[in-house]
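Working notes for the structure below.
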Amino acid sequence: MLQDITIGQYYPADSPIHALDPRTKLKAVFFFIFCLFWVNNIYGFIFAGVFLSSVVLSSKVPVGYVVKGLKPVLFVVSLTMLMSILTIPGDEAFRIFVFKGTWQGLRQAGIMAARIFMLISSASMLTLATSTIDLTDGLEALFLKIPLLKRFAHDMSMMMCIALRFIPTLVDETDRIMKAQMSRGADFQSGSFAQRAKSFIPILVPLFVSAFQRAYELAMAMESRCYTGGEGRTRMKLLEYTKLDYTANVVMVIVFCSMVASGVLVNR
Amino acid sequence: MSIEVRDLTHIYAQGTVFEQMAIEDVSFDVGAIDFIGVIGPTGSGKSTLIQHLNRLLAPTKGTVIVNGIDVNSKSVPMREICKRVGIVFQYPEYQLFEETVYKDVCFGPKNLGFDKEKIDFLAKESIELVGLDFETVKDLSPFELSGGQKRRVAIAGVLAMKPQILVLDEPASGLDPAGRADLLDSIQKMNKELGICIILVSHNMDDVAHYCDKVMVFSKGRLLRYGRTAEVFADSDFLLSSGLAPPQSKQLLIELKKRGIPVDDSVFSIEGAIDEILKWHSSLAGK
Ligand SMILES: Nc1ncnc2c1ncn2[C@@H]1O[C@H](COP(=O)(O)OP(=O)(O)O)[C@@H](O)[C@H]1O
Ligand SMILES: [Mg+2]
C-alpha cells in the first residue's frame, strides 16, 4: 500500500544516464533547477522540456516512475495554480459567479506548474538513475570543493547515505505495522480529519520506537567495527570523469545557456 | 469448511522490473477447528499467503472464502473480516503502542465496536489465555516488559477480537526454549478448548510435528503437499528435496537405521522415537 513512494528509489538499468559520473549528474540537476527559475516563457520551457524528456527516454527508466514521483505534489500545485489564476490582477479571461480568472493569472499558473513539475522530475531522475552509494560519493566529492562545508563533507555524506539507505527499510516497516494494526481493525481512511490524524498514532509510536532501536544498533555496529569518522579513510571506488561526462557537459552548457537566454532575451 | 482458497496467485510489483511471483495457483480447504502447520523455506510465500486471509493483500488471481464470505468482496467491510480472522505477524511486539498493556489489548475489540463490558471481559480473558496474570500486567507499560511478555501481550491483542481463525506467523521465533513451549502450549489450548482454528507458520519442524494435526508444505510459491502431519513427515526424502530438514527426533532414527540399528524411521515425534529406541534396547536385553 505504500508502493507509491518513489522518493529516493533507484531503478537499475543499463543506460548512458546511469553510466554518468554522479558528480556530473548532481551538477546537472543543480544547474537545471537554477536555470528553471530564469525561464519565463514558452521557448524556454520547450528547451527544458525537450532536454528533460530526452534524458528520461535515454535513461530507460519507465516514464511511469517519473510521473508517479509527481503525485505527492499534485494537490499543492493545483491549489496554488487556482489561487494565482483567481488572484493575479489583469485582463479577464473567464468568469464563474464572482470569481474572475485573468490571462496573466493563467500564464503565471502555467509557468509555476511547469517549473515545479520539471524540478521534481529532474530530482527523481537523479535518484532513479543513480545508486545510493554513487550519489553519496558524488555529494562528498562536491562538498569537499566547497570551503565552508569541507570539514563536514564526510559526516554529511555518511548521514545522507544512512538516511537514504533506511528509507526503504522504514517504508517496509511502516507497511508491516500498518498491516498489523489493520488486522486489529484499525481504519486509516474514514472519519474526520482529526480522527484520521489520531488513527496514525498506532503506527507512529511503534515506528519511532523501532527507528530509535535501529539507530542505536547501527551506531553500536559501526563503533564495534572501529568507525571514527572520515579521517584517513580511503576509497575502494574512485570517481573518474569519462568521455561520456565531457559530452554531457557540452550538451548541458548549450541547453542551459539557451534556457537562460530565452528568459533574458525574449521578454525584453 | 472455514477457509476455501482457490487458484490463489500473487505477483508483487506486477509489470515492473521488480516483478516477483510470490505464490502460484494455490488451492486448499481448512476445517473449522483444524490446527494447521505451514512450513517451507524462507521466501517460499508463506507470509504472502496468510496476508490474503484477511484482505491485507488482494490476489492477482483466485479467490479466498472464509466462513462463507468472499474476503475480497467490496461489500464486506474490513471489520467483518477482522472479526473472523486474526493475524499475528512475525515479531508482533512491534505493534504495541499504548500506555498500558490493558489499553493496548483493548485496541482491537474497541475498533470492532464491542461494548465496554464485553471489551473488559475479552481483554481479561485473552491476557490470561496467553499465560500472563491480568492484575500484575494490566497497568504496566508494554515497553517495560520482557521480549517474551511483549510477544504474549501482542498475541492477546489479536485474541481479544475473538477470531474464529487465528493465524500466527512464526510466533515462537526468538524465544528461549521454555518460553517457546509455553507459548505453543497456550496456542494448543486455544485450539482444543476454545475451538479456534489455528494456522501456524513455522520454521521449526519439531514444533510443527508436535502440535499440528495437518501440514502444508510450500516451496517456491507452490503448495507441494497438504495432509496429515504423520503422512507428510513420513516422507523424509520429500522434505529434504523441498529444502526442509525432518524433525530432529526423526533425523536421529534415520541415522540409527543407517548404522544398522532396527528402528522404524517413519516415526517423527519425540515420544515415538523414545519408544522405538526403548524397543530396540529391550530386544537387546532379551538376547
Ligand atoms: N512487499 C514485497 N514486495 C515485493 N516482493 C515481496 C514482498 N514481500 C515478499 N516478497 C517476495 O515474495 C516471495 C515470498 O515471500 P514471503 O511470502 O515473505 O515468503 P516467506 O514468508 O515464506 O519467507 C519472496 O521471494 C519475497 O522476496
Ligand atoms: Mg515470512
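The values are calculated or read from the model by the stated rules, or taken from the named source; none is laboratory data. Note that the coordinates shown come from a computational prediction; the quantities given were computed from them, not determined experimentally. Virtual Cβ from ideal backbone geometry, glycine too; neighbours counted across all protein chains shown. Note: areas computed on protein heavy atoms with side chains; ligands, DNA, RNA excluded. Shrake-Rupley method; radii C 1.70, N 1.55, O 1.52, S 1.80 Å.
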Residues in region A:98-118 that are touching a helix residue (DSSP H, G or I) at 6+ places or on another chain (Cβ under 6 Å), open to solvent by 50 Å² or more (accessible area, probe 1.4 Å) and under 30 Å from A:Met160 (Cα atoms): how many?
1
Going by the conditions given, is B:Glu193 within 14 Å of another protein chain (Cβ to nearest Cβ), among the charged types (D, E, K, R) and either within 26 Å of B:Val85 (Cα to Cα) or touching a residue at least 40 places away in the same chain (Cβ under 8 Å) (or both)?
no
Could you tell me whether A:Ile201 is within 14 Å of chain B (Cβ to nearest Cβ), open to solvent by 40 Å² or more (accessible area, probe 1.4 Å) and farther than 23 Å from A:Met156 by Cβ?
yes
Please tell me if B:Leu8 is farther than 20 Å from B:Gly195 by Cα and either surrounded by fewer than 22 Cβ atoms within 10 Å (Cβ to Cβ) or in the same structural domain as B:Leu145 (by TED's automatic domain parsing) (or both).
yes
Take the residues of region A:176-198 that are open to solvent by 80 Å² or more (accessible area, probe 1.4 Å) and not aromatic (Phe, Trp, Tyr): which is nearest to the other protein chains (Cβ to nearest Cβ)?
A:Arg176
Can you pull out every residue in region B:173-215 that is more than 11 Å from the chain's Cα centre (by Cα) and within 13 Å of ligand 1 (Cβ to nearest atom)?
B:Ser173
Of the conditions (1) at pLDDT below 95; (2) of a type in the set (A, V, I, L, M); (3) open to solvent by 10 Å² or more (accessible area, probe 1.4 Å), the single one that B:Val130 does not satisfy is (3)
Residues to consider are B:Glu276, B:Glu271; find the one that is in a helix (DSSP H, G or I), open to solvent by less than 30 Å² (accessible area, probe 1.4 Å) and not assigned by TED's automatic domain parsing to the domain that holds B:Ile87.
B:Glu276
Considering residues of region B:27-62 that are open to solvent by 20 Å² or more (accessible area, probe 1.4 Å) and under 17 Å from B:Ala172 (Cα atoms) only, the residue nearest to the other protein chains (Cβ to nearest Cβ)
B:Ser47
Complete set of residues in region A:48-64 that are within 14 Å of chain B (Cβ to nearest Cβ), open to solvent by less than 50 Å² (accessible area, probe 1.4 Å) and part of a helix (DSSP H, G or I)
A:Gly64
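Here is a check on your reading of the model: is B:Gly31 modelled with pLDDT of 95 or more, more than 8 Å from ligand 1 (Cβ to nearest atom) and touching a strand residue (DSSP E or B) at 6+ places or on another chain (Cβ under 8 Å)? Spell out the reasoning first.
Numbers: modelled with pLDDT of 95 or more: no; more than 8 Å from ligand 1 (Cβ to nearest atom): yes; touching a strand residue (DSSP E or B) at 6+ places or on another chain (Cβ under 8 Å): yes.
No, not satisfied.
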Among the residues of region B:63-74, which ones are open to solvent by 30 Å² or more (accessible area, probe 1.4 Å), assigned to a loop (DSSP other than H, G, I, E, B) and touching a residue at least 12 places away in the same chain (Cβ under 8 Å)?
B:Asn67, B:Asn72
Flagged pairs (Cβ under 7 angstrom, 6 or more apart or on separate chains; first in region B:11-26, within 15 Å of B:Ile50 (Cα to Cα); second among the hydroxyl-bearing types (Ser, Thr, Tyr)) are B:Ile11/B:Thr60; B:Ala22/B:Tyr12; B:Ala22/B:Thr48; B:Ile23/B:Thr9; B:Ile23/B:Thr48; B:Glu24/B:Thr9; B:Asp25/B:Thr9
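Modelled with pLDDT of 95 or more and more than 13 Å from ligand 2 (Cβ to nearest atom): which single residue out of B:Arg6, B:Arg55 fits that description?
When all the criteria are applied, what remains is B:Arg6.
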So how many residues does region B:155-173 have that are within 14 Å of chain A (Cβ to nearest Cβ) and within 16 Å of ligand 2 (Cβ to nearest atom)?
5
